[in-house]
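Report on the following structure.
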Amino acid sequence: LFLAARVQQSLTPTSLTWAGIAVDAYYQPVRTIGGDFGLVAPRADWLTLLVCDVSGHGIGSALVANRIYAETMSQIEGGVELGPMMQHLNWFVKRSFDSANFYFTMAAARLNRDGSCMEFAGAGHPPAMIVQPGRKLRLLESRSSVLGLLDRAVPNDVTVSVPVQAGDRVVIYTDGFTESSNPQEEMLGIEGFREIVCDAAALPLSGMKQEIVER
């Protein structure tokens, strides 16, 4: 368990600045080990951001997450586009494990070097959010169902092109946030998390992250 936890910690995303785009990452496991991971992968012409949530907890989920991570990095290194990448990962997990016990959700974004356009693809994952202080928050919903269960889970139009501009904040997260509950056992949900993101958007990036975590 200790070694599995150390391996999973090694998969956590790192914060960086790339071509004028700032990325700030946060990771804290609820249990010792589980199936969540994120990655921040800069390349010469584009930057890929991705969050994945494998079903379940424990060593099994951690092992599957590690295998999906390696396969995802191979796809990114090969320059595969987001849609075909998700189709491949769906096929890969279904072929490799073929079990209703393991499925996963994913949200991925890819930004070009000048930061003028972002491609987004989601598979059964909580909607990503784009917000700029003083403007209405936009939700980016998944167009695919969860991955690893169905042969044709990922449609050909799973990827959308999203215009972005200076000052936009893009938030990609797992349900660890939205499933948080208060002492009255009321779940935060998408709308509650959305409100927190809107309130925090006026802060500097690192301050925005901290405000979201503390709220």
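The values are calculated or read from the model by the stated rules, or taken from the named source; none is laboratory data. These figures come from a predicted structure and were not determined experimentally. Cβ sites come from the backbone with ideal geometry, for glycine too, and all protein chains shown count toward neighbours. The accessibility values were calculated without ligands, DNA or RNA, using every heavy atom of the protein model including side chains. Shrake-Rupley method; radii C 1.70, N 1.55, O 1.52, S 1.80 Å.
Report, by residue number, each residue of the range 103-130 that is outside any strand (DSSP E or B) and touching a Lys or Arg at 6+ places or on another chain (Cβ under 7 Å). Passing the criteria: none in range. Taken over the range 181-201, the residue count meeting the criterion of being touching a helix residue (DSSP H, G or I) at 6+ places or on another chain (Cβ under 8 Å) and more than 16 Å from V23 (Cα to Cα) is 8. Determine whether the range 82-101 contains at least one residue that is in a loop (DSSP other than H, G, I, E, B) and under 21 Å from P13 (Cα atoms). For the range 82-101, residues in a loop (DSSP other than H, G, I, E, B) and under 21 Å from P13 (Cα atoms): absent. When V154 is tested against (1) in a loop (DSSP other than H, G, I, E, B); (2) open to solvent by 20 Å² or more (accessible area, probe 1.4 Å), exactly one condition is not met: (2).
This table checks each residue for (1) at pLDDT 85 or above; (2) in contact with a helix residue (DSSP H, G or I) (Cβ under 8 Å, 6 or more places away or on another chain); (3) among the polar types (S, T, N, Q).
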| site | (1), (2), (3) |
| --- | --- |
| R31 | no, no, no |
| I68 | yes, yes, no |
| H88 | yes, yes, no |
| W91 | yes, no, no |
| S99 | no, no, yes |
| F102 | no, yes, no |
| A108 | yes, yes, no |
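Here the range 81-121 is the region considered, the condition is being of a type in the set (S, T, N, Q) and touching a residue at least 24 places away in the same chain (Cβ under 8 Å), and the residue that is surrounded by the most Cβ atoms within 10 Å (Cβ to Cβ) is N90. Just name the residue that is farthest from L47 (Cα to Cα) out of those in the range 1-27 that are modelled with pLDDT of 75 or more and of a type in the set (A, V, I, L, M). Restricting to residues being modelled with pLDDT of 75 or more and of a type in the set (A, V, I, L, M), the top hit is A25.
If you go through the range 70-80 and keep only what is surrounded by 17 or more Cβ atoms within 10 Å (Cβ to Cβ) and touching a helix residue (DSSP H, G or I) at 6+ places or on another chain (Cβ under 7 Å), you end up with T72, Q75.
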